[in-house]
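Accompanying notes for the structure given below.
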Amino acid sequence: VKQAAESLKKIPGVTALQFAENVSPEGLDKGYTHCLTMSFADEKVRDEVYLPHPLHQDFVAFFVPKTKAVLVFDYWK
């Protein structure tokens with residue numbers, strides 16, 4: 001899964017990517033075990049390049065069936 005997530009770096013406009021496992025001792029993860037944090041050049045890249053890109057679509061098809069739940073939220077700094 002990590003290798004598949006790392007492949008998303010190849011998509012034009014992806015400026016940063018981190019895939020990590022939860023290591024918090026607090027027990028507040030609600031069952032989530034991993035996170036994927038990404039930065040994009042801008043909203044247009046996210047919406048028009050990244051989301052429809054074949055590498056992203058392949059990752060979704062590979063990753064989602066391996067999960068119980070997926071949580072996605074977007075924000076801008």
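At-a-glance table
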{"quantity": "Loop chymotrypsin sites (Phe, Trp or Tyr not before Pro), region 8-74, which have at most 15 other Cβ atoms in a 10 Å radius of their Cβ (DSSP)", "calculated": "TYR32, PHE73"}
{"quantity": "MRE, 222 nm, helices only [DSSP H, n ≥ 4, -39500 (n - 2.57), over the chain, to nearest 500]", "calculated": "-5000 deg cm²/dmol"}
{"quantity": "Cα shape, the chain, gyration tensor, a/c 1.5 rule", "calculated": "prolate"}
{"quantity": "Listed peptides 6-13, 64-71 by packing density, highest first (mean Cβ within 10 Å)", "calculated": "6-13, 64-71"}
{"quantity": "Crossing angle, helix 54-63 versus the chain [Cα axis fit, 0-90 degrees, rounded to tens]", "calculated": "20"}
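Values in this text are rule-based calculations from the coordinates and carry no lab data. Everything numeric in this text was worked out from a predicted model, so none of it was measured. FYI the Cβ positions are ideal-geometry reconstructions off the backbone, even for glycines, and counts take in every protein chain you see.
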